[in-house]
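A quick write-up on the structure given underneath.
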Amino acid sequence: MADRVTVIGWDGSPLTAAARSALSAATLVAGAAHHLALAEVPATAERIRLGSVALAARRIAGHRGTAVVLADGDPGFFGVVRTLRDPQFGLEVEVVPAVSSVAAAFARAGMPWDDAQVVVAHRRTLRRAVNVCRAHTKVAVLTSPGAGPAELGLLLEGVHRTFVICEELGTEREQVTVVTSDKAADHTWRDPNVVIVIGGSVAPAAPAEAGWLAGRDPGAGARGWTLPAEAYDGPLGEGETDLLRAAQLARLGPRVGDLVWDIGCGSGAFATEAARAGAAVLAVDRDLVACGRTDAAGRRHGVQLQIVHGTAPHVLERLPEPDVVRVGGGGAAVVSAVADRRPQRIVTHAATRDAAELVGRDLTEHGYRVECALLQSVELDTRAWTETERSVAFLLSGALPERTP
């Protein structure tokens, strides 16, 4: 095992005294090509080009001597330190940090970033990174080959955002470019790069002293998974009662990185509440008035909603892949079309047992595990303890076997 392992962050600035001292004593140095070309790397040291960090860690674990790993930015922030410290390698590391590429990108843009979401986009996580960009007004994306600015722009079709693209930060070839998301695919971008994605409707700014949590505060706004009917302008539909919405949210469990379809969005109550959980939401309705109400609800409560005017199931064909879906209208035909797209979970409701059975059988045939419950709620006027409203609905939910997000 290596006698000593030092991880040095590099942001283009001259190396610190601690970094130079560690390098001068190194008998093995691992890093990218531009790291290994630094003048401070000893000529006699064994050199490893970093591709797989895990493979490099195994080499280091078997090395007798002093090892140094060079990495761009802050190696403890979505960097190599996590892999090197994995118990399977048994390495104890010392870290010499540098300015993270995210901090450098926001500095180049002259913007604060304590209120930004930060995501990593690989080929397997690209869709989830895009969903975060749909749902939030300020996102930093750490890209990778095949999951860069062009791919982000293509997958954000229909959602207007501004990209601040920072290429090769800290090098002589550093370049910062501002483009709209629909133009990002027209260019070839150099790796490594960081993309700051900004835009969308913004909630009223909070006082400067109110900030206390990096990124999005999930506790901001009114408490409760669902908001009372008076929080939405105008009456709610039969399938939009507070308790039914709460039960639907509980079964779907929308979260950051998810794309939620809300089909038959009505007043926008469910769509707004799913977005408050941090998910990206596509709200679909054939009624222009409903689309307008949903858009207004999202703006009022400071969340990002993409509104799609059209009739299901036909309009669903051109929508991006969902993670979870609420079907608020359209019946069995729409539920069947949704199940064909294989979201992880689907919820809907029915007014009668026969209608519930029809939907449940179809979901079962599609391979979903189906649950059905009869929900009855009675509202009372607590001044006189008299009944004011009663609602009854069959709540259906379908879940596929768990898969890796």
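Using +1 at the C-beta of Lys and Arg and -1 at the C-beta of Asp and Glu, which of P343, V80, L55 has the Cα lying farthest in the positive direction of the dipole of the chain?
Value computed over the given set: L55.
Name the trypsin sites (Lys or Arg not before Pro) in the stretch 339-391 that are in a loop by DSSP and that have at most 11 other C-beta atoms within 10 Å, would you?
R383
What chymotrypsin sites (Phe, Trp or Tyr not before Pro) in the stretch 298-400 are in a loop by DSSP, with at most 10 other Cβ atoms within 10 Å of the Cβ?
Hits after loop and neighbour filter: W385.
Which far-off residues, 5 or more places away or on another chain, put their amide H under 5 Å from the one on I48, with H placed in the peptide plane?
When sequence neighbours closer than 5 places are left aside, the close amide H contacts are V29, A30, G31.
At each listed q (0.33, 0.34 Å⁻¹), what is the log10 of I(q)/I(0) that the Debye formula gives for the stretch 362-405 modelled as equal alpha-carbon point scatterers?
-1.05, -1.07
For a paramagnetic label modelled at 7 Å from the Cα of L38 toward its Cβ, which residues of the stretch 44-75 fall within the zone defined by backbone nitrogen distances under 11 Å?
The answer is 68-73.
Once the dipole of the chain is set up with Lys and Arg at +1 and Asp and Glu at -1 on Cβ about the Cα centre, which of A214, G310, A384 lies farthest towards its positive end?
The residue sitting most towards the positive pole is A214.
Can you classify the stretch 280-388 as rounded, prolate or oblate using the Cα gyration tensor, where a ≥ b ≥ c are the square roots of its eigenvalues, rounded means a/c under 1.5, and otherwise it's prolate if a/b beats b/c and oblate if not?
It is oblate, given that a/c is not under 1.5 and a/b is not larger than b/c.
Consider a paramagnetic label point 7 Å from the Cα of L380 along Cα→Cβ; state which residues of the stretch 231-260 have an amide N under 20 Å from it.
Counting only backbone N, you get 242-244.
How many angstrom separate the Cα center of the stretch 1-79 from the Cα center of the stretch 304-352?
51 Å
Taking the Cα-to-Cβ direction at A61 and at V120 and moving 7 Å from each Cα, how far apart do the two end points lie in nm?
With each label placed 7 Å out from Cα toward Cβ, I get 1.9 nm.
If you fit an axis through the alpha-carbon atoms of helix 353-365 and take the longest principal axis of the Cα set of the chain, what angle between them do you get, 0 to 90°, nearest 10?
30 degrees
Picking from V359, V308, V81, which is most flexible by a Gaussian network model of the chain using Cα springs under 10 Å?
V81
If you average 1/r across every pair of different Cα atoms in the stretch 85-139 and take the reciprocal, what Kirkwood value do you get, in Å?
Averaging 1/r across every pair of different Cα atoms and inverting gives 13.9 Å.
Consider a paramagnetic label point 7 Å from the Cα of A373 along Cα→Cβ; state which residues of the stretch 240-256 have an amide N under 12 Å from it.
243-252
When all protein chains stay in place, what accessible area (Å², nearest 10, 1.4 Å probe) is found for W113?
90 Å²
Tell me which of A271, V141, V69 sits at the most positive position along the dipole axis of the chain, charges placed on C-beta atoms (Lys, Arg +1; Asp, Glu -1).
About the Cα centre, the residue reaching furthest to the positive side is V69.
Among V119, V96, V194, determine the one that fluctuates most according to a GNM of the chain built with springs between C-alpha atoms less than 10 Å apart.
V96
By how many degrees, between 0 and 90 and to the nearest 10, does the Cα long axis of helix 126-135 differ from the longest principal axis of the chain?
60 degrees
Could you tell me the calculated FRET efficiency between F78 and E387, based on Cβ-Cβ distance and R0 = 51 angstrom, to the nearest 0.05?
Efficiency, rounded to the nearest 0.05: 0.40.
Explain nothing, just compute: Karplus ³J(HN,Hα) = 6.51 cos²θ - 1.76 cosθ + 1.60, θ = phi - 60°, for every residue of the stretch 391-402 in order, whole Hz, x for Gly and Pro.
Going residue by residue, I get 9, 9, 7, 8, 9, 10, 9, x, 10, 7, x, 4 Hz, with x marking Gly and Pro.
Where the only charges are on Cβ atoms (+1 Lys, Arg; -1 Asp, Glu), what is the dipole of the stretch 133-189 about its Cα centre, to the nearest 20 debye?
280 debye
Looking at the chain as a GNM with Cα springs under 10 Å, which of R123, R342, R64 has the largest mean-square fluctuation?
Ranking R123, R342, R64 by mean-square fluctuation puts R64 first.
The values are calculated or read from the model by the stated rules, or taken from the named source; none is laboratory data. Just so we're clear, the structure is a prediction, and the values are computed from it rather than from any experiment. Here the Cβ is made from the backbone with ideal geometry for all residues, glycine too, and neighbour counts use every protein chain on show. The protein model used for the area step is the full one, side chains on, heavy atoms only, and it has no ligands, DNA or RNA in it. Shrake-Rupley method; radii C 1.70, N 1.55, O 1.52, S 1.80 Å.
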